[in-house]
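Asker: Just passing along the structure, written as structure tokens.
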Amino acid sequence: MAYELTIQPLGTTIEIEEGQTILDAALRAGIYLPHACCHGLCATCKIDVVEGEVDYGEASSFALMDFERAEGKCLACCARPESDLVIEAEIEEDPDARNLPVKDFAGTVARVDDLSPTIKGVWIRLDDPASFVFQAGQYVNLELPDGIGTRAFSVASPPGAAEVELNIRIVPGGRGTTYVHETLKAGDRIRFSGPYGRFFVRKSARVPMIFMAGGSGLSSPRSMILDLLAEDCSLPITLVYGQRHRGELYDHQEFLELAAKHPNFTYVPTLSDEPAGSDWAGFRGFVHDAARAHFDNDFRGHKAYLCGPPLMIEACIGTLMKGRLFERDVYTEKFLSAADAQQVRSPLFKAI
């Protein structure tokens, strides 16, 4: 059974299936609704139900309080229709957003390689490679078997690549990443949905760009940088990329070669826990330390794109602000698992 979902202030009406969440229906229609955790815990996707009835699903009583339900509010990531609906949401307009509809894709794992002691590279050859259209920086939801469900991973390959590359860090005790690291192999059939997310280059700004990445957070910046260079972007591009020690610094040689080939691309690798006395001649310290030193604590006139562990992102934001680069020019990508989202302190505070 299908219902009609009208989204205000757009005035757009789309079809929504019984049992489908409001968020999923909107994204598959190419309409972006703000969201983050997708587990009903962070309140980022809170919307107003103007007309109709919904099943609230597994919305947390902290993210969606009883008085808010009485006022007609719901969480788009959990709420499912029980009738035709009219909702009102904060629609974010961005001239650089392509608003691509979410679709389902199938393919075969081409290979699984060790990128570092804790990160696997997974390459997927899609049945119809041309059908997967995305903006560099976006992510997909990978479907995993045995009741594991879906997990979100950024795309590390640029748009138009022959294979979709994912870089997946193992999470101790995590069923999804453990499956990828210990069981997934070349030849396995696999499915994912996408693209998701609003992490992409604001190309229309035409200003120099700083990419700051840590751990497997390199995925999105790698895709974005390769896309920019493939388009012959002449603006200054700087990548500040951090790991703990040399053995974890994957894709290092690729970025050295790109920096040698493209005069406008600068690569600043940094290691926070490299053993003293090693032959490492690069920067030693955290990503925000390396960025501050490289730019002499002056980031004015740039756009900054941050992707990595939450603590790294918070430290980088603080450094950028001290260097006079403020919120309107800083973009971040942080994935929130169900466990992470439960740490959101209050629905009254908006996550960065």
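Asker: Once Rh is set to the Kirkwood radius over Cα pairs, what Stokes-Einstein translational diffusion coefficient, in µm²/s, holds for the range 144-284 at a temperature of 37 °C and a viscosity of 0.692 mPa s?
Answerer: Values: Rh = 17.0 Å.
Calculated translational D: 193 µm²/s.
Asker: Any idea of K261's accessible area? Nearest 10 Å², probe 1.4 Å.
Answerer: 150
Asker: Keeping all protein chains in place and using 1.4 angstrom, which order do S61, S116 fall into by accessible surface area, from largest down? It would help to have the intermediate numbers written out before the result.
Answerer: Working: S61 70, S116 10 Å².
Ranked from most to least accessible, the order is S61, S116.
Asker: Relative to the Cα centre, what is the charge dipole magnitude of the chain, using +1 at the beta carbon of each Lys and Arg, -1 at the beta carbon of each Asp and Glu, and rounding to the nearest 20 debye?
Answerer: Numbers: 34 positive and 50 negative charges, 258 e Å.
Once rounded to the nearest 20, the dipole reads 1240 debye.
Asker: Mean separation of Cα pairs under 8 Å and 6+ residues apart, divided by the residue count of the range 1-153: what relative contact order is that in percent? It would help to have the intermediate numbers written out before the result.
Answerer: On the way: 268 pairs, mean separation 33.3, N = 153.
Dividing the mean separation by the residue count of the range 1-153 yields 22 percent.
Asker: Still on this structure: I'm a student and want to see the number: the projected area of the Cα convex hull of the range 283-331, averaged over all directions, in nm².
Answerer: On the way: hull surface 12.5 nm².
Convex hull of Cα atoms, orientation-averaged projection: 3.1 nm².
Asker: Counting only C-alpha contacts under 8 Å and six or more residues apart, can you give the relative contact order of the chain as a whole percent? Mind dumping the intermediate values first?
Answerer: Working: 736 pairs, mean separation 51.8, N = 352.
Result for the chain is 15 percent.
Asker: Does the range 229-299 come out rounded, prolate or oblate, given a ≥ b ≥ c as the square roots of the eigenvalues of its C-alpha gyration tensor, rounded meaning a/c under 1.5 and, failing that, prolate meaning a/b above b/c?
Answerer: Details: a/c = 2.63, a/b = 1.47, b/c = 1.79.
It comes out oblate by the Cα gyration axes.
Asker: If you don't mind, there's one more thing I want to ask. Rounded, prolate or oblate: which fits the range 74-210 when a ≥ b ≥ c are the square roots of the eigenvalues of the alpha-carbon gyration tensor, with rounded for a/c under 1.5 and prolate only if a/b beats b/c?
Answerer: On the way: a/c = 1.81, a/b = 1.28, b/c = 1.41.
Oblate.
Asker: Give me the percent relative contact order of the range 185-304, please, defined on Cα pairs under 8 angstrom at least 6 residues apart.
Answerer: Normalised by residue count, the contact order of the range 185-304 is 26 percent.
Asker: I need the semi-axes of the equivalent ellipsoid of the chain: take the C-alpha gyration tensor, multiply each eigenvalue by 5, square-root it, list largest first in whole angstrom. All intermediate terms of the calculation are to be shown ahead of the outcome.
Answerer: Values: eigenvalues 246, 111, 79 Å².
Working from the Cα gyration tensor, I get semi-axes of 35, 24, 20 Å.
Asker: Averaged over all directions, how much area does the convex hull of the C-alpha atoms of the range 149-227 cover when projected, in nm²? Before the final figure, lay out the partial values.
Answerer: Details: hull surface 26.4 nm².
So the Cα hull casts an average projection of 6.6 nm².
Asker: What is the range 14-90 by shape, rounded, prolate or oblate, if you read a ≥ b ≥ c off the alpha carbon gyration tensor as root eigenvalues and call it rounded for a/c under 1.5, prolate for a/b larger than b/c, and oblate otherwise?
Answerer: The shape class here is oblate.
Asker: In addition: For the chain, what proportion of DSSP beta bridges, expressed in % and rounded to the nearest 5, is antiparallel?
Answerer: Details: 44 of 72 bridges.
Bridges in the chain that DSSP calls antiparallel: roughly 60 percent.
Asker: Now, a different point. Taking the Cβ of L100 as the center, what net charge do the other residues with Cβ under 12 Å away carry, scoring Lys and Arg +1 and Asp and Glu -1?
Answerer: Values: positive: R28, R98, K103, R198; negative: none.
Summing Lys/Arg as +1 and Asp/Glu as -1 gives +4.
Asker: What ratio of Cα Rg to 2.2 N^0.38 Å holds for the range 165-211? Walk me through the numbers before you get to the answer.
Answerer: Values: Rg = 16.4 Å, N = 47, 2.2 N^0.38 = 9.5 Å.
Here the answer is 1.73, to two decimals.
Asker: Sticking with this one: As a test of reading the structure, rank F67, F299 by solvent-accessible area (1.4 Å probe, protein chains only), most first. Write down the numbers at each step before the final one.
Answerer: Values: F67 115, F299 0 Å².
In descending accessible area the options line up as F67, F299.
Asker: Beyond 31 Å between alpha-carbons counts as too far, so tell me which of K103/K185; K185/K261; K203/K261; K46/K120; K46/K203; K73/K203 fall in that bin.
Answerer: On the way: K103/K185 24 Å; K185/K261 34 Å; K203/K261 22 Å; K46/K120 35 Å; K46/K203 29 Å; K73/K203 35 Å.
Pairs exceeding the cut-off: K185/K261; K46/K120; K73/K203.
The values are calculated or read from the model by the stated rules, or taken from the named source; none is laboratory data. Just so it is clear, the model here is predicted, and its values are computed rather than measured. Cβ: placed from backbone, ideal geometry, glycine included. Neighbour counts: every protein chain shown. SASA here: full protein model, heavy atoms, side chains in, ligands and nucleic acids out. Shrake-Rupley method; radii C 1.70, N 1.55, O 1.52, S 1.80 Å.
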